[in-house]
Amino acid sequence: MSEVKELLKQVSLFRGLNDDQLDQVAQITQSESYAADDTVFEQDTAGDKMYIIQSGQVEVRVKDHAGMLNAVLIMGEGQIFGEMALLDHGTRSASVRALKPGATVYTISGDDFRTLCQQDTAIGYVMMRNLALDLSFKIRHQNSFS
Amino acid sequence: MIYTVSYVVVGGKKKYPSGMMNQHEPPVVGDQVQLGTSLFEIIEVKPLMPPSDNFEFLHATVRPIEADLDDQNAETELA
């Protein structure tokens, strides 16, 4: 529990949560490990959990017009991905695979996330605000290409 | 302080993916960073968003070090 709580303190999605609130979030996380080149999820498939990278790096790949996967982003420690499916219930917008030497992540299921946010609206407010800020960060990152 | 850093490879969007990661130390011009299997040199750092709590959000422009080596090899061949 303390390991995941320490990780959560270093992830911007959870900034502003106090110790008790972080304990509640830690209770709904699950640890998963991926070897190098393992697929975490594939584009256009259903998904209802988000991922927090504890260690290692993952590669985000998007299909082009010909259906070929192109690497567009490398994500490392402390970053989250897969959160869009929690918000819009849509399919995965990209494929993600672990890079060498592998990656360890914590996951939060959509059901557990929504239940926690509804049961404790203070947590819900902070997490939703932080999700919006995280998406803002990603949009600004994307805008830097133009 | 945690530094959430957006990395973009100068002129290399098609060849190199960009990057995002959290760090305990801020990126510094001249330092090297590994994104995937490639090594890059940081050439510019600027704020991306205002700081919030103990998080700072930065944007770093990087260039591939391998390209520099290729350039050096080309210069050697020309000489």
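The values are calculated or read from the model by the stated rules, or taken from the named source; none is laboratory data. Predicted model only: the values in this text are computed from it and were never measured. Cβ: placed from backbone, ideal geometry, glycine included. Neighbour counts: every protein chain shown.
If the condition is being surrounded by fewer than 16 Cβ atoms within 10 Å (Cβ to Cβ) and either hydroxyl-bearing (Ser, Thr, Tyr) or in contact with a Lys or Arg (Cβ under 7 Å, 6 or more places away or on another chain) (or both), then the stretch A:109-143 contributes A:Ser109, A:Thr115, A:Thr121, A:Tyr125, A:Ser136. Evaluation of B:Met1 against the conditions (1) surrounded by fewer than 14 Cβ atoms within 10 Å (Cβ to Cβ); (2) touching a Leu at 6+ places or on another chain (Cβ under 6 Å) shows that the sole unmet condition is (2). Being of a type in the set (Lys, Arg), touching a strand residue (DSSP E or B) at 6+ places or on another chain (Cβ under 7 Å) and assigned to a loop (DSSP other than H, G, I, E, B) is a property that A:Arg92 has. Note on the stretch A:116-144: residues that are among the hydroxyl-bearing types (Ser, Thr, Tyr) and either touching a helix residue (DSSP H, G or I) at 6+ places or on another chain (Cβ under 7 Å) or at pLDDT 95 or above (or both) amount to 2. When every residue of the stretch A:12-33 is checked against the conditions, none turns out to be of a type in the set (Phe, Trp, Tyr) and either touching a Phe, Trp or Tyr at 6+ places or on another chain (Cβ under 8 Å) or away from every other protein chain (no Cβ under 14 Å) (or both). A:Ser93 meets all of the listed conditions (1) surrounded by 14 or more Cβ atoms within 10 Å (Cβ to Cβ); (2) more than 19 Å from A:Leu131 (Cβ to Cβ) but one, namely (2).
Residues in the stretch A:83-105 that are away from chain B (no Cβ under 14 Å) and at positive phi: 1 in all. Does the stretch A:20-44 hold any residues that are closer than 20 Å to A:Arg114 by Cβ and among the hydroxyl-bearing types (Ser, Thr, Tyr), and which are they? Result: A:Thr29, single match. Which of the strands (runs of 3 or more DSSP E) found entirely inside chain B contain at least 2 residues meeting this: at the interface with another protein chain (Cβ under 8 Å from one of its Cβ atoms), at pLDDT 90 or above and within 18 Å of A:Ile74 (Cα to Cα)? Qualifying strands (runs of 3 or more DSSP E): B:2-9, B:18-23, B:55-64. Within the stretch A:1-21, being under 19 Å from A:Leu86 (Cα atoms) and not in a loop (DSSP other than H, G, I, E, B) holds for A:Leu8, A:Ser12, A:Leu13, A:Phe14. Residues in the stretch A:44-71 that are in contact with a Pro (Cβ under 9 Å, 6 or more places away or on another chain), in a strand (DSSP E or B) and buried (at least 16 other Cβ atoms within 10 Å of the Cβ): 4 in all.
Any residue that is assigned to a strand (DSSP E or B), in contact with a Leu (Cβ under 9 Å, 6 or more places away or on another chain) and either crowded, with 20+ Cβ neighbours inside 10 Å or modelled with pLDDT of 95 or more (or both) - is there at least one of those in the stretch A:99-108? Give the derivation first.
Taking the stretch A:99-108 as the starting set, the residues that turn out to be assigned to a strand (DSSP E or B) are A:103-108.
Right, trim to in contact with a Leu (Cβ under 9 Å, 6 or more places away or on another chain) and you get A:106, A:108.
Okay, now just the ones that are also either crowded, with 20+ Cβ neighbours inside 10 Å or modelled with pLDDT of 95 or more (or both), so A:106, A:108.
The answer is yes; a qualifying residue exists.
With respect to being of a type in the set (Gly, Ala, Ser) and under 19 Å from B:Gln34 (Cα atoms), A:Ala85 falls outside the description.
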